[in-house]
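Structure, as structure tokens:
The values are calculated or read from the model by the stated rules, or taken from the named source; none is laboratory data. Keep in mind it's a predicted model, so treat the numbers as computed, not measured. Every residue, glycine as well, gets a Cβ built from its backbone with ideal geometry; the counts of neighbours run over all protein chains shown. Heavy atoms of the whole protein, side chains included, go into the accessibility calculation; ligands, DNA and RNA do not. Shrake-Rupley method; radii C 1.70, N 1.55, O 1.52, S 1.80 Å.
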Amino acid sequence: MNLLASIRVALTALRINALRSSLAMLGVIIGVASVIVLVSISEGTKQAVEAQISSFGANLLIVRPGTSMFGGRRGGGGTGTPVTDGDADAIRDQISGIDGVSGEVNASSQSVVFGGVNWSTGLAGVNPDFFEIRDWVIEEGRAFTVEEEQSARRLAVVGQTIIDEVFDRANPVGQSLRIGGQQFEVIGTVAAKGQTSFGSDQDDVIFAPLSTVRQRFGASETPTVRDPVQTIYVAVGDGESTGRVIADIQDLMRVRREIQPGADDDFNVSSLAEFIRARNETESQLGLLLAVGAAIVLLVGGIGIMNIMLVSVTERTREIGLRLAVGARASDIRNQFLIESIVLCVTGGVVGLFVGIGGTIAYANVGELEISVNPGIVAVAIGASAFVGVFFGLYPAHRAARLNPIEALRFE
């Protein structure tokens, strides 16, 4: 028998016992479908996180105050002695290998009024370097200058959500906008960034000069520290060692904050590189768990396939004996049952593929998540199902090929 004839006989045998074949394929279907769903969701999440990191800037360092102590109780991160404009200026002037430094203060949610529209949004006070450091692209107009920031001008750069909701998608540059009851001139807009991985809208924001927000909205005011900021952003230059820059900033901050040798830092210097490293480690662990889970499911499915094939060998013993008696070789019998096992598993793999893609799309629609079906994973899943067919079909096929023709013809 040639290959096509063997495949045709295999399909006929599977069609005759359709229910039993379907139950045998169930394990393979579940295994392949679960791999497609889990890996697709994982890949989609990975791409979303990478886009988020790209929007922040992969070379970004974040300097924030550490924790505070209240009556022996430790507060959360950022509750310690604030960092200041002076810290930002010192980093800019004394640390080499950086492209920009910007402080940031955030006012509480502010009411924005334009015409008959009233909108509540976030207001961030930043230095001019902020837009380049955080990869905010000026789409229309311009950003404010150092001189305008130092003189506390009432200028605003608005995000895409503000354009859509407050200005009805019209170009707002040159318009006068009331923020918290005070008039601001809109001088620029920034390109849309979309939502973060946590679902918050990055474009629902207004940027203003840091000194303006601090003076007019009391953001980050403290009676003990002059010119405080909530966060300092530092952009590391291309080709520069992030570890070296972090160490230099830590040394400088310890001197400025008069931290004694051996004492713990009361500030934090973090980088997205650390986040990326932690994410990659997590993804590796999740990938291993997915692989183990899929292997277990396919193993169970393969055992089911082997059992069904052994039953098939028993039921068709007289047929095997007849074929051997009329001249079929043992290799022909072995190949016939091996092909049936492979066809059974590959069919289950194809069905599992469609079930997995359908499940992935349904999950994405319900959860409003990004998905990414990797063609490589699809090929691996189908290849794995074929491997299961070969591996678990060898023993039944070998057992069928070793049958004695005379004893097989006498079998009842």
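Within the stretch 318-327, restricting attention to residues that are touching a residue at least 24 places away in the same chain (Cβ under 8 Å) and surrounded by fewer than 17 Cβ atoms within 10 Å (Cβ to Cβ), which residue is farthest from ALA408 (Cα to Cα)? Before the answer, list the steps.
Taking the stretch 318-327 and keeping what is touching a residue at least 24 places away in the same chain (Cβ under 8 Å), we get 318, 320-322, 324-325.
Still in the running and surrounded by fewer than 17 Cβ atoms within 10 Å (Cβ to Cβ): 318, 322, 325.
Values: ARG318: 5, LEU322: 8, ALA325: 10 Å.
Ranking the candidates gives ALA325 first.
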Selection count, the stretch 253-278, where residues are touching a helix residue (DSSP H, G or I) at 6+ places or on another chain (Cβ under 6 Å) and modelled with pLDDT under 80 = 2
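Given GLY78, GLY116, which one is open to solvent by less than 50 Å² (accessible area, probe 1.4 Å) and either on the phi > 0 side of the Ramachandran plot or at pLDDT below 90 (or both)? Spell out how you get there, then give the answer.
Values: GLY116 fails: open to solvent by less than 50 Å² (accessible area, probe 1.4 Å).
On inspection, the qualifying residue turns out to be GLY78.
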Residue count, the stretch 371-407 (criterion: open to solvent by 50 Å² or more (accessible area, probe 1.4 Å), within 16 Å of ARG334 (Cα to Cα) and part of a helix (DSSP H, G or I)) | 6
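Every residue in the stretch 323-337 that is among the small types (Gly, Ala, Ser), more than 16 Å from PRO396 (Cα to Cα) and assigned to a helix (DSSP H, G or I), please. Don't jump to the end; show me each part of the working.
Taking the stretch 323-337 and keeping what is among the small types (Gly, Ala, Ser), we get 325, 327-328, 330-331.
Remaining after also requiring more than 16 Å from PRO396 (Cα to Cα): 325, 327-328.
Within the stretch 323-337, just ALA325 meets the criteria.
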When (1) open to solvent by less than 60 Å² (accessible area, probe 1.4 Å); (2) over 30 Å from ILE406 (Cβ atoms); (3) hydrophobic (A, V, I, L, M, F, W, C) are applied to MET309, the one that fails is (2)
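Being modelled with pLDDT under 90 and of a type in the set (Lys, Arg) is the requirement here; does ARG154 meet it?
Working: modelled with pLDDT under 90: no; of a type in the set (Lys, Arg): yes.
So ARG154 does not fit the description; no.
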So is GLU147 free of Cβ contacts under 8 Å to residues at least 40 places away in the same chain, farther than 13 Å from ALA208 by Cβ and assigned to a helix (DSSP H, G or I) or not?
-> yes
Subset of the stretch 328-346 that is of a type in the set (S, T, N, Q) and under 23 Å from ILE382 (Cα atoms) - its residue that is most open to solvent (accessible area, probe 1.4 Å) = ASN335
Just need a number here: residues in the stretch 76-132 that are over 25 Å from ASP265 (Cβ atoms) and assigned to a strand (DSSP E or B).
-> 17
Please verify whether the stretch 3-24 includes one or more residues that are modelled with pLDDT of 75 or more, under 30 Å from ASP248 (Cβ atoms) and crowded, with 17+ Cβ neighbours inside 10 Å.
-> no
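Every residue, every condition in (1) of a type outside the set (Val, Ile, Thr); (2) out of contact with any helix residue (DSSP H, G or I) (no Cβ under 6 Å at 6 or more places or on another chain), yes or no:
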| residue | (1), (2) |
| --- | --- |
| VAL311 | no, yes |
| ARG316 | yes, yes |
| GLY321 | yes, no |
| LEU338 | yes, no |
| VAL343 | no, no |
| TYR363 | yes, yes |
| ASN374 | yes, no |
In this structure, is GLU315 among the charged types (D, E, K, R), free of Cβ contacts under 8 Å to residues at least 40 places away in the same chain and open to solvent by 30 Å² or more (accessible area, probe 1.4 Å)?
-> yes
Taking the stretch 130-152 as the search range and keeping residues that are touching an Asp or Glu at 6+ places or on another chain (Cβ under 8 Å) and crowded, with 17+ Cβ neighbours inside 10 Å, which one is nearest to VAL186 (Cα to Cα)?
-> PHE130
